[in-house]
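Have a look at the structure below, then the notes.
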Amino acid sequence: MWLDANDDDIRDVAMNFSRLDLTGTPDLSRLSYAELLPDLPCQDQFPGLLKFLMQPGLPACPVHKKRLWAESVLGVKVPGDSLTKQMARLSDARFWRRALRVRLAREREHFHLRLRLVGRSAEPYVSDVQLAARKAQLKRQLQWMTDTVLVPRYLDPEQKNDTLLSLADVSSSASSRFAKTYAFLCAMDSIASDAGLAAGMLTLTLEPEWHANPSHGASSWNGASPRAAHESLAKRWQSVLRDLNNLGVGISGLRVVEPHKDACPHWHVWLLYRPESEQAILETVMKYFPHKLKVRNPSAKRSKSDAKSAATLSTPANACDVIFDTLAELKANAGRAPTLAKEGAQVELARIDRSISSGAGYAMKYLLKTVDGGDKLNQQTGLFPESPEGETLTQRQLEKQAQRRAAHQANARRVDAFRGVWGINSGQLFGVSKCLTAWDTLRRLGTAPSNPMLCKLWSLARGGLKKGRIQANSGIRGDAKGFLTALGGLAACGKPPKGAVTVSIGRLTKEAMNGYGEEIKRTVGVTLVQRTRVMKVTGARTSKVTGEVKCVKAWRSVKTVLAEINIRAKEWMLVPLKNAAQAMEQLKKRTEAEHAEFGSAHLSLLAVRTFWSGVWDGVAQHNAEPQPAPLPWLLSTA
């Protein structure tokens, strides 16, 4: 595949790949072909195919051969639980087009990393080529959402409003999503403060061999992509959470992914934890990130405007920082002072003093550093604070402020392009119930659920018992703190006792089939799930001495679904805006025909009912046994 291929080239290649049939291909593994075949001009039609067919030991079956060739081209396994489903994908040009776009974009970006064209002294975070491609992609996406409207598949006869909404009208914006995240961060911080939990910002950085173009020192890059680096961080973090859970230590917070200038990602983790668990948390983290730990005291970060810090301004900024070079030093509490003013470490914990800074605002700043969440949210979190009331900014100050905002927006666009090409999300909550999707689902629900617990969650999410659709910019705010408290609060507050009943929100799924013949589960609503832990018999154990058989018991989780809400009972169709009027006319005609007294649908229903009534009448006449009870839909023969 060519690194300079455009979208039209990808479409042509995808069409050729989907039609490729390797039946009857000759054996090209002989050495006499090795120098001739790669130079043939016809190989441009199927890049990499001749090189693949020259490999020895290929299977004779053309289906298996095409699957192996596709995996060599894409670099990943072809999705599908059977060979039939895999071949259905490999025969679809749309699958090839999507897969080749991702593969080509990542290979092109990796090529820029190898040339050291991405870095602090070059193009930060991502190459200019990928940035331009991302801008074009977002422009096409916005245009498609604007030109596509939602048309109901079945029209309610009593519905009088024919106004159709476009996808752009119903989709959530980045500012609204981050505003919701900030509301939940404030709720988590309030719950943690009430419970006496400590807060800190944990920064996790990878080793030097993961950096393609480091800002300092010689490069020792191992050639891995930023996606592989992110997967390494995620795997280690999962190990940390598993070990802490085994120790009975709970943590909650927000994980934010931020790239270095050379595209190597690092994590900022806003932690909420019990103060007495800090030592166990740091030891567990250093088990998987062993290269130096730095603990920062919040008192060293006081501002000059704080009158209480006047006595500490003469001390160095890092006077309260402690460095632990190894895990053994941390266990022995044998820390040292930093030797340099800005000595770094692989793991850094900055304790947060809530009297100086809000924990939620501190965490949100790291998230908004690489995302443009809007002026209002930037001001609320302190990223671009407003000028004091009554103070007028000079022209120079206004120009500097405008430059800072422009630089922030440009930086956010480059990081968005980085996340788009490598498939890395911006952040994720942990140590708390899955609340964001359930919150959106309940806010969209116009009527109160019948279940009392679900009705309480509905009223907390909507900010009251008012029915109907919540309009945009209506000012109606939900109670995120009450919502989280009703779902069990934070994991950092401690596990519930064994045998206690807990309530959570789950997904209501519906079995369906995708375009490749695979059974899938589609989310159509939410469920209220009750969980409890009970002691169950899991087996038997025989004593080798006495031969006595004893039951083996263990705690097991029992799940009970208390209530279900289907929010997708109404089906919709995506129709181009230019065809919306024609689609609505066809929909109205079909609806009128189905509800007509002697329409085709009504007559068909009568025919089915008459058929089954005749069947049961015939059975009753030839059977001495009592006639079966009439069904609800049994028609009278009179």
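The values are calculated or read from the model by the stated rules, or taken from the named source; none is laboratory data. Because the structure is a prediction, the values reported are computed rather than measured. Virtual Cβ from ideal backbone geometry, glycine too; neighbours counted across all protein chains shown. For accessibility, only protein heavy atoms count, side chains too; no ligands or nucleic acids. Shrake-Rupley method; radii C 1.70, N 1.55, O 1.52, S 1.80 Å.
Taking first residues from the stretch 11-34 that are part of a helix (DSSP H, G or I) and partners that are modelled with pLDDT of 90 or more and surrounded by fewer than 15 Cβ atoms within 10 Å (Cβ to Cβ), the Cβ contacts under 9 Å between residues at least 6 apart in sequence or on separate chains come to Ala14/Arg94; Ala14/Arg98; Ser18/Arg94.
Is one or more of the residues making up the stretch 531-554 within 30 Å of Phe95 (Cβ to Cβ) and either at pLDDT 85 or above or open to solvent by less than 60 Å² (accessible area, probe 1.4 Å) (or both)? The answer is no, given that none of the residues of the stretch 531-554 is within 30 Å of Phe95 (Cβ to Cβ) and either at pLDDT 85 or above or open to solvent by less than 60 Å² (accessible area, probe 1.4 Å) (or both). Looking only at the stretch 165-187, decide whether some residue is surrounded by fewer than 12 Cβ atoms within 10 Å (Cβ to Cβ) and modelled with pLDDT of 90 or more. No, the stretch 165-187 contains no residue that is surrounded by fewer than 12 Cβ atoms within 10 Å (Cβ to Cβ) and modelled with pLDDT of 90 or more.
Could you grab me the full set of residues in the stretch 211-253 that are β-branched (Val, Ile, Thr) and not in a helix (DSSP H, G or I)? Answer for the stretch 211-253, where residues must be β-branched (Val, Ile, Thr) and not in a helix (DSSP H, G or I): Val249, Ile251.
Condition check ((1) modelled with pLDDT of 75 or more; (2) of a type outside the set (D, E, K, R); (3) over 32 Å from the mean Cα position of the chain (by Cα)) across all residues:
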{"site": "Glu348", "(1), (2), (3)": "yes, no, no"}
{"site": "Arg351", "(1), (2), (3)": "yes, no, no"}
{"site": "Ser357", "(1), (2), (3)": "no, yes, no"}
{"site": "Lys376", "(1), (2), (3)": "no, no, no"}
{"site": "Pro385", "(1), (2), (3)": "no, yes, no"}
{"site": "Thr394", "(1), (2), (3)": "yes, yes, yes"}
{"site": "Arg419", "(1), (2), (3)": "yes, no, no"}
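Specify the residue that is most open to solvent (accessible area, probe 1.4 Å); the eligible residues are those in the stretch 394-440 that are farther than 20 Å from Phe178 by Cβ and of a type in the set (D, E, K, R). For the stretch 394-440, the residue satisfying everything is Arg396. At least 3 residues being touching a Ser or Thr at 6+ places or on another chain (Cβ under 7 Å) and farther than 21 Å from Ser426 by Cα is the threshold, and among the helices (runs of 4 or more DSSP H) wholly inside the stretch 75-185 those reaching it are 93-114.
Yes/no per residue for (1) touching a strand residue (DSSP E or B) at 6+ places or on another chain (Cβ under 9 Å); (2) modelled with pLDDT of 95 or more; (3) under 20 Å from Ser357 (Cβ atoms):
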residue	(1), (2), (3)
Pro275	yes, no, yes
Ser303	no, no, yes
Ala310	no, no, yes
Leu313	no, no, yes
Glu329	yes, no, no
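Considering every residue within the stretch 474-481, establish whether at least one is farther than 24 Å from Gly196 by Cβ, touching a Ser or Thr at 6+ places or on another chain (Cβ under 8 Å) and open to solvent by 50 Å² or more (accessible area, probe 1.4 Å). No, every residue in the stretch 474-481 fails to be farther than 24 Å from Gly196 by Cβ, touching a Ser or Thr at 6+ places or on another chain (Cβ under 8 Å) and open to solvent by 50 Å² or more (accessible area, probe 1.4 Å). Restricted to the stretch 484-603, the set of strands (runs of 3 or more DSSP E) holding at least 1 residues that are more than 21 Å from Pro152 (Cβ to Cβ) and within 29 Å of the chain's Cα centre (by Cα) comprises 502-513, 519-542, 549-566. Out of all the residues in the stretch 488-507, which are in contact (Cβ under 8 Å) with a residue 12 or more places away in the chain and surrounded by fewer than 19 Cβ atoms within 10 Å (Cβ to Cβ)? If the condition is that a residue be in contact (Cβ under 8 Å) with a residue 12 or more places away in the chain and surrounded by fewer than 19 Cβ atoms within 10 Å (Cβ to Cβ), then Gly488, Gly494, Lys495, Lys498, Gly499, Ala500, Val501, Thr502, Val503, Ser504, Gly506, Arg507 are the ones that fit.
Within the stretch 251-277, residues that are acidic (Asp, Glu) sit with their Cβ atoms under 6 Å from residues that are open to solvent by less than 10 Å² (accessible area, probe 1.4 Å) and assigned to a loop (DSSP other than H, G, I, E, B), at 6+ positions apart or across chains, in these pairs: Glu258/Thr370; Asp262/Gly119; Asp262/Ala212. What residue, among those in the stretch 77-94 that are free of Cβ contacts under 8 Å to residues at least 24 places away in the same chain and farther than 20 Å from Ile10 by Cβ, is most open to solvent (accessible area, probe 1.4 Å)? Among those that are free of Cβ contacts under 8 Å to residues at least 24 places away in the same chain and farther than 20 Å from Ile10 by Cβ, it is Lys77.
For the stretch 226-244, the criterion of being more than 22 Å from Asp372 (Cα to Cα), of a type in the set (Ser, Thr, Tyr), open to solvent by less than 30 Å² (accessible area, probe 1.4 Å) and touching a residue at least 60 places away in the same chain (Cβ under 8 Å) is met by none of the residues.
In the stretch 95-107, the count of residues that are open to solvent by less than 40 Å² (accessible area, probe 1.4 Å) and more than 30 Å from Asn411 (Cα to Cα) is one or more. Just to be sure, is Thr203 open to solvent by less than 50 Å² (accessible area, probe 1.4 Å), among the hydroxyl-bearing types (Ser, Thr, Tyr) and modelled with pLDDT of 90 or more? Answer is yes for this residue. Residues in the stretch 565-617 that are within 30 Å of Val529 (Cβ to Cβ) and at pLDDT 75 or above were compared, and the one that is most open to solvent (accessible area, probe 1.4 Å) is Arg568. For the residues Lys261, Lys294, the requirement of being open to solvent by 30 Å² or more (accessible area, probe 1.4 Å) and within 27 Å of Leu368 (Cβ to Cβ) singles out Lys261. When residues in the stretch 208-220 are screened for being among the hydrophobic types (A, V, I, L, M, F, W, C) and open to solvent by less than 60 Å² (accessible area, probe 1.4 Å), 2 of them pass. For the stretch 441-456, the candidate set comprises residues that are in contact with a Gly (Cβ under 9 Å, 6 or more places away or on another chain) and outside any loop (DSSP other than H, G, I, E, B); within that set, the residue that is surrounded by the fewest Cβ atoms within 10 Å (Cβ to Cβ) is Lys456.
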